[in-house]
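The values are calculated or read from the model by the stated rules, or taken from the named source; none is laboratory data. These figures come from a predicted structure and were not determined experimentally. When we count neighbours, we look across all protein chains shown, and the Cβ atoms used for this are built from the backbone with ideal geometry, even at glycine.
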Amino acid sequence: MTGVEPGLLAELRALLGPAQVHAGPAELVAYSYDGTFQQAVPAVAVTPGSTAEVQAVVPLAAAHGLPIIPRGAGTGLAGGTIPSEGSLVLSLARMSRILEVDRGNQVVVAEAGVVTADLQRRVEREGLFYPPDPASLQQCTIGGNVATNAGGPRCLKYGVTKDYVLGLTVVLADGREMRLGGKVIKSSTGYQLGQLFVGSEGTLGIVTEAILKLLPLPRERQALVAHFERLEDAAEAVVQIVASGLTPAALELLDGLCIQIVEEHVAMGLPLGAEALLIIEQDGSDAATVQRQIDELAELCRAAGATGVQVSRDAAEREAVWTARRAMSPALGRRSPNKLGEDIVVPRSQLPAIIRRIRAIGEEHGFEIPVFGHAGDGNLHPNILFDRRRPGELERLERAAEAIFRAALELGGTLSGEHGIGTLKREFLEAARGSVAVEVMRSLKAALDPQGILNPGKVLPVHGAGSGFLTALPALEGLVPG
């Protein structure tokens with residue numbers, strides 16, 4: 001029934017224990033999808049509990065010709081963990097131990113399956129801070145964050161996952177273990193191989209442990225929300241804020257359609273006539289300083305043309321400021337049966353241009369496309385709302401998504417700021433990075449994975465650029481809403 005040789009199943013069960021080998025149809029469904037709308041059932045899934053067990057599984061799968069799909073929590077939004085035909089899903093979810101919190105060196109050592117929010121809560125008990133905060137932090141794992149170079153609202157001030165990776169344990173395609181980096185902050189010792197695996201989406205090796213840099217936990221936080229009648233004014237506020245040297249902890253934007261959708265969902269009293277809304281947070285160690293800075297940020301918004309600014313007065317009001325941003329996902333779920341949540345980056349000065357281009361693309365192809373994201377670093381998330389049940393919907397969706405990618409590149413941007421490439425954007429990689437860069441990536445892949453068994457079909461182009469990049473994806477019938 002599984003398409004896996006009985007002998008291989010017996011070997012896997014002998015290595016890991018029968019409970020950690022999943023071959024039944026109902027079991028395999030759980031490993032068949034991610035946070036997109038794709039779905040494909042693997043031949044078998046395994047849940048090893050240690051690096052040594054991962055090392056044992058990899059050469060065994062390779063000997064039987066099974067592609068290996070590394071998987072964390074399956075929250076990815078680019079198709080990076082969708083199984084390929086006849087593949088073995090290697091789930092790292094059981095490897096969920098925080099091995100050490102080293103206060104003296106301000107680092108944490110964690111296995112790949114540790115949930116990001118759990119790690120944050122653990123280090124905060126020690127007065128320490130792990131800043132990367134992807135939207136799925138309550139479910140996503142450290143290994144997945146490393147694989148996609150995940151970010152979040154705090155990227156502007158604190159950076160993304162790569163800025164916190166000091167060391168990695170990686171299992172290579174031949175089963176060898178490689179330990180990279182360590183607890184040291186500086187190292188100029190040979191090639192920076194650790195960073196090679198950050199953002200590689202499991203195509204070069206399987207990350208099983210990470211040593212992550214920590215910071216002192218900010219004692220104070222303050223927030224504001226500002227709304228604008230014109231997108232250009234909101235973009236000007238972003239430019240002025242960044243130029244001011246204040247560097248807020250978060251600087252988020254919701255466009256007018258987002259405002260309408262959220263207001264319909266939760267009735268917060270948001271200004272329905274506004275074209276944009278900014279949510280800004282500042283943090284630090286001193287309450288008076290943070291308050292002064294948030295007041296300065298409010299004035300910068302007003303000077304740029306904000307028609308309304310509300311500054312939080314306490315922790316409860318600060319949390320209320322974020323209600324609109326956190327309501328986006330459930331609000332979109334009520335608005336449409338399906339959505340394609342995209343991830344593009346443009347120079348900050350091009351924020352109004354890209355949002356207007358996206359609006360025009362939606363009108364041309366017949367989709368609502370609300371846009372929100374991390375305005376401070378130009379990273380936006382257009383969400384194409386669609387209904388897959390309509391005839392020809394995927395073909396139209398494909399054309400709309402391609403138009404958005406092209407628009408981002410034309411405006412000097414790139415394809416992804418934090419979700420990765422996976423299957424959804426692989427055919428546009430050469431347009432974004434150039435043929436020489438793609439050739440070098442292929443060489444690295446061939447050197448580290450000569451059999452091509454690690455997450456095949458991800459990141460690197462497979463089809464002709466732009467040709468059927470959505471409709472050619474695996475098993476779009478078992479739709480799972482993103």
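Looking at the structure I just gave you, is Leu28 in a helix (DSSP H, G or I), over 27 Å from the mean Cα position of the chain (by Cα) and either crowded, with 21+ Cβ neighbours inside 10 Å or modelled with pLDDT of 95 or more (or both)?
No.
Answer with yes or no whether Thr208 is crowded, with 18+ Cβ neighbours inside 10 Å, among the β-branched types (Val, Ile, Thr) and closer than 30 Å to Gln451 by Cβ.
yes
Consider Glu53 carefully, then state whether it is touching a residue at least 24 places away in the same chain (Cβ under 8 Å) and not in a loop (DSSP other than H, G, I, E, B).
Taking the combined requirement at face value, the residue satisfies it.
Hey, Leu409 hits all of (1) in a helix (DSSP H, G or I); (2) under 22 Å from the mean Cα position of the chain (by Cα); (3) under 28 Å from Glu220 (Cβ atoms) but one; which does it fall short on?
(3)
One line per residue, one yes/no per condition, for (1) of a type in the set (Gly, Ala, Ser); (2) under 30 Å from Val146 (Cβ atoms); (3) in contact with a Gly (Cβ under 9 Å, 6 or more places away or on another chain); (4) in a strand (DSSP E or B):
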position: Val207; (1), (2), (3), (4): no, yes, yes, yes
position: Ile211; (1), (2), (3), (4): no, yes, yes, yes
position: Pro218; (1), (2), (3), (4): no, yes, yes, no
position: Ala223; (1), (2), (3), (4): yes, yes, no, yes
position: Val238; (1), (2), (3), (4): no, yes, yes, no
position: Glu252; (1), (2), (3), (4): no, yes, yes, yes
position: Glu263; (1), (2), (3), (4): no, no, yes, no
position: Pro271; (1), (2), (3), (4): no, no, yes, no
position: Ala274; (1), (2), (3), (4): yes, no, yes, no
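Quick check on this structure: which one of Arg103, Arg154 is over 18 Å from Gly202 (Cα atoms), among the basic types (Lys, Arg) and under 21 Å from the mean Cα position of the chain (by Cα)? Please lay out each step first, then the result.
Numbers: Arg103 fails: under 21 Å from the mean Cα position of the chain (by Cα).
So the residue among Arg103, Arg154 that is over 18 Å from Gly202 (Cα atoms), among the basic types (Lys, Arg) and under 21 Å from the mean Cα position of the chain (by Cα) is Arg154.
Does Val41 satisfy being over 30 Å from Ser336 (Cα atoms) and crowded, with 16+ Cβ neighbours inside 10 Å?
no
Report, by residue number, each residue of segment 44-60 that is surrounded by fewer than 23 Cβ atoms within 10 Å (Cβ to Cβ) and of a type in the set (Gly, Ala, Ser).
Gly49, Ser50, Ala52, Ala56, listed by residue number.
Against the condition among the hydroxyl-bearing types (Ser, Thr, Tyr) and part of a strand (DSSP E or B), how does Thr203 come out, does it pass?
no
Here are Glu410, Glu395: which of them is farther than 22 Å from Leu77 by Cα and among the charged types (D, E, K, R)?
The conditions single out Glu410.
Could you please find all residues in segment 289-330 being part of a helix (DSSP H, G or I), at pLDDT below 90 and touching a helix residue (DSSP H, G or I) at 6+ places or on another chain (Cβ under 6 Å)?
Passing the criteria: only Ala324.
Each row is one residue, and each column tells you yes or no for (1) at pLDDT 95 or above; (2) surrounded by 15 or more Cβ atoms within 10 Å (Cβ to Cβ).
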residue	(1), (2)
Ala407	yes, yes
Leu424	no, yes
Ala432	yes, yes
Lys445	yes, yes
Leu448	yes, yes
Pro456	yes, yes
Leu460	yes, yes
His463	no, no
Gly478	no, no
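I'd like to know if segment 313-330 contains one or more residues that are in the same structural domain as Glu410 (by TED's automatic domain parsing), over 22 Å from the mean Cα position of the chain (by Cα), surrounded by fewer than 17 Cβ atoms within 10 Å (Cβ to Cβ) and among the hydrophobic types (A, V, I, L, M, F, W, C).
no
Within segment 352-372, take every residue that is part of a helix (DSSP H, G or I) and either of a type in the set (Phe, Trp, Tyr) or in contact with a strand residue (DSSP E or B) (Cβ under 7 Å, 6 or more places away or on another chain) (or both) and give me the one that is surrounded by the fewest Cβ atoms within 10 Å (Cβ to Cβ). Talk me through it step by step, then tell me what you get.
First pass over segment 352-372, keeping only residues part of a helix (DSSP H, G or I): 352-365.
Filter once more, so that each one left must be either of a type in the set (Phe, Trp, Tyr) or in contact with a strand residue (DSSP E or B) (Cβ under 7 Å, 6 or more places away or on another chain) (or both): 354-355, 358, 362.
Details: Ile354: 26, Ile355: 25, Ile358: 26, Gly362: 21.
So, considering only residues that are part of a helix (DSSP H, G or I) and either of a type in the set (Phe, Trp, Tyr) or in contact with a strand residue (DSSP E or B) (Cβ under 7 Å, 6 or more places away or on another chain) (or both), the one surrounded by the fewest Cβ atoms within 10 Å (Cβ to Cβ) is Gly362.
Go through segment 380-430 and give me each residue that's farther than 30 Å from Ala276 by Cα and among the hydrophobic types (A, V, I, L, M, F, W, C).
Leu429 - this is the single residue of segment 380-430 that is farther than 30 Å from Ala276 by Cα and among the hydrophobic types (A, V, I, L, M, F, W, C).
Where in segment 105-199 are the strands (runs of 3 or more DSSP E), entirely inside, with at least 2 residues that are buried (at least 16 other Cβ atoms within 10 Å of the Cβ), in contact (Cβ under 8 Å) with a residue 24 or more places away in the chain and hydrophobic (A, V, I, L, M, F, W, C)?
Of the strands (runs of 3 or more DSSP E) lying wholly inside segment 105-199, those with at least 2 residues that are buried (at least 16 other Cβ atoms within 10 Å of the Cβ), in contact (Cβ under 8 Å) with a residue 24 or more places away in the chain and hydrophobic (A, V, I, L, M, F, W, C) span 107-111, 165-171.
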